[in-house]
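Q: Have a look at the structure that comes next, please.
The values are calculated or read from the model by the stated rules, or taken from the named source; none is laboratory data. The structure presented is a predicted model; accordingly, all values stated were derived computationally and were not measured. Methodologically, a virtual Cβ is constructed for each residue, glycine included, from the backbone with ideal geometry; neighbour enumeration extends over all protein chains shown. Side chains are part of the model used for accessible areas, which takes the heavy atoms of the whole protein and leaves out ligands, DNA and RNA. Shrake-Rupley method; radii C 1.70, N 1.55, O 1.52, S 1.80 Å.
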Amino acid sequence: MCVIWLGNLLGAIIMARIAGCTMQHDIFAARVNSLVKTTLPTSNVKTFFAAVMCGIFMYIAVESWKLSQKTAPGAIIVILCVMGFILTGSLHSIAWMGYIELSDTTRFFSSPFSGRPLGFILLVTFGNAFGSQLASFLELAFP
């Protein structure tokens, strides 16, 4: 899992750096910068629970898709989970790796180095994992 996580981090950094070199960067730069500047300082408790919600939504989406044999009801549940994920402001660790690196204000390995982006991503990763495990436990406890 650690190797996969590091691969996702490296991939997000590379893709964000590539996206930063495109003409489209100017279009979304202000929005990404604003998003990162307002979300990174959020309290650890709010960050954790937003990440837990993401883990729950993603677990439900993946399990529903697998159980439905990729039929229309499974696709509808996936869409509803993604909508819920977006509307509740849930935090996804892999997406946020890209946002942080794409931001002009904060990067993972910038000078001077600040540990906040990395700490934020680790907290979100832990929250995502906890949320998916919680959903799994609840599914087993209340079939």
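Q: Under 12 Å from a point placed 7 Å out from the Cα of residue 104 along the Cα-to-Cβ direction: which residues of the range 10-31 have their backbone N that close?
A: Correct set: 25-31.
Q: Right, another one. Are there any trypsin sites (Lys or Arg not before Pro) in the range 3-109 that are in a DSSP loop and have at most 11 other Cβ atoms within 10 Å? List them by number.
A: When the trypsin sites (Lys or Arg not before Pro) of the range 3-109 are filtered for loop state and at most 11 Cβ neighbours within 10 Å, 70 remain.
Q: Might you work out the accessible area of residue 22 for me, using a 1.4 Å probe with all protein chains in place, and round it to the nearest 10 Å²?
A: Approximately 60 Å² for this residue.
Q: Would you mind checking the tilt of helix 116-141 against the longest principal axis of the Cα atoms of the chain, expressed as 0 to 90 degrees and rounded to 10?
A: The angle comes out at about 0 degrees.
Q: Going from most exposed to least, what order do 83, 97, 53 have by accessible area with a 1.4 Å probe?
A: 83, 53, 97
Q: Compute the Kirkwood hydrodynamic radius of the chain, taking the inverse of the mean of 1/r over all pairs of distinct Cα atoms, and give it in Å to one decimal.
A: For the chain, inverting the mean 1/r across all distinct Cα pairs yields 16.2 Å.
Q: For 92, 25, give the ranking by accessible area with the largest first, probe 1.4 Å.
A: Of 92, 25, the descending order of accessible area is 92, 25.
Q: Can you pull the accessible area of residue 142 for me, 1.4 Å probe, Å² to the nearest 10?
A: Surface accessible to solvent at residue 142 totals approximately 150 Å².
Q: Considering every pair of different Cα atoms, what Kirkwood radius, in Å, is found for the range 10-70?
A: 14.6 Å is the Kirkwood radius here.
Q: For the range 45-96 and the range 119-136, what is the separation of their C-alpha centers, rounded to whole Å?
A: So the separation of the two Cα centres works out to 13 Å.
Q: Right, here's the next one. Using alpha-carbon pairs under 8 Å, 6+ residues apart, how would you state the relative contact order of the chain in percent?
A: Once normalised by length, the contact order is 37 percent.
Q: Let me ask something else. Kindly express, to the nearest 10 degrees and within the range 0 to 90, the angle between helix 2-20's C-alpha long axis and the longest C-alpha principal axis of the chain.
A: Approximately 50 degrees, to the nearest 10.
Q: Sorting 101, 63 by accessible area (1.4 Å probe), largest first, what list results?
A: Of 101, 63, the descending order of accessible area is 63, 101.
Q: Enter the angle in degrees (range 0 to 90, nearest 10) between the Cα long axis of helix 25-39 and the first principal axis of the Cα atoms of the chain, meaning the one along which they spread out most.
A: In the chain, helix 25-39 runs at an angle near 70 degrees to the longest axis.
Q: Nearest 0.05, what FRET efficiency do residue 29 and residue 87 give at R0 = 30 Å with Cβ-Cβ as r?
A: So the FRET efficiency works out to roughly 0.75.
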